[in-house]
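The values are calculated or read from the model by the stated rules, or taken from the named source; none is laboratory data. A quick note: this is a predicted structure, and the numbers were derived from the prediction, not measured. Cβ: placed from backbone, ideal geometry, glycine included. Neighbour counts: every protein chain shown.
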Amino acid sequence: MENKGLRELYIDELKDLYSAENQLIKALPKMAKAASSDDLRSGFEEHLEQTKGHVQRLETIFGQLKENPKGKKCKAMEGLIEEGSEAISEYEDAVLDAALIGAAQRVEHYEMAAYGTVRAFAEELGETEQASLLSETFEEEKQTDEKLTTLAKEINPEANQGEVDEEGAKAPGSQQNKNKSKRVA
Ligand code: FE
Ligand code: FE
């Protein structure tokens, strides 16, 4: 086996992230389209623009390293996106939004872990400028995760209310009404 060092590991992990970010560029418009909350939809659209910037930062780094960013497929991101699309087919309305937030937060946490790792490698390798580019992306992933947590605080209670009709009244058979009748019985 070829004796690869930390620099090779760093480049391999950057390639993995390049694949992950490019997969997300394809997935985020589908997640935005599936969202019923306007805030969630615009959140996904905003993060799509940020994600294009993440790809550009990686391209800048690959340019500095004189390496080709292509050649790896991030299987972890493939799996996370796959689970997100399962949610799209299984749920609807606010419950779907709650599922989309969960899927998106899994993605953001994966990216935070990956960017934290490559940033530490860049620092160790003396690539200070690259470390700070990777830090910028890390911070944007973290802010996105925090925004999703805030959105979940609005959306989870809606998802727990069951169907709401046009006037905003709870439809019979909603989860809360079911619980109530259970308690009465
Ligand atoms: Fe990203
Ligand atoms: Fe992200």
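Some observations on this one:
- Considering residues of the stretch 98-126 that are more than 12 Å from ligand 1 (Cβ to nearest atom) and in contact with a Lys or Arg (Cβ under 9 Å, 6 or more places away or on another chain) only, the residue nearest to Ala27 (Cα to Cα): Phe121
- Top-ranked residue of the stretch 31-74 - restricted to ones that are assigned to a helix (DSSP H, G or I), more than 16 Å from ligand 1 (Cβ to nearest atom) and touching a residue at least 12 places away in the same chain (Cβ under 8 Å), ranked as nearest to Glu129 (Cα to Cα): Gln64
- Breaking point among (1) at pLDDT below 95; (2) touching a helix residue (DSSP H, G or I) at 6+ places or on another chain (Cβ under 6 Å), for Glu45: (1)
- Count - residues of the stretch 98-124 that are over 16 Å from Arg41 (Cα atoms), away from ligand 2 (no atom under 16 Å from the Cβ) and surrounded by 15 or more Cβ atoms within 10 Å (Cβ to Cβ): 3
- A count restricted to the stretch 54-72 and to residues that are exposed (fewer than 14 other Cβ atoms within 10 Å of the Cβ) and either within 17 Å of Glu111 (Cβ to Cβ) or within 15 Å of the chain's Cα centre (by Cα) (or both) stands at 2.
- Per the conditions (1) more than 13 Å from ligand 1 (Cβ to nearest atom); (2) more than 13 Å from Glu140 (Cβ to Cβ); (3) in contact (Cβ under 8 Å) with a residue 12 or more places away in the chain, the sole criterion not satisfied by Ala20 is (1).
- Checking each residue in the stretch 1-21 for being within 14 Å of ligand 2 (Cβ to nearest atom) and more than 26 Å from Glu90 (Cβ to Cβ) picks out Leu17, Tyr18, Ser19, Glu21.
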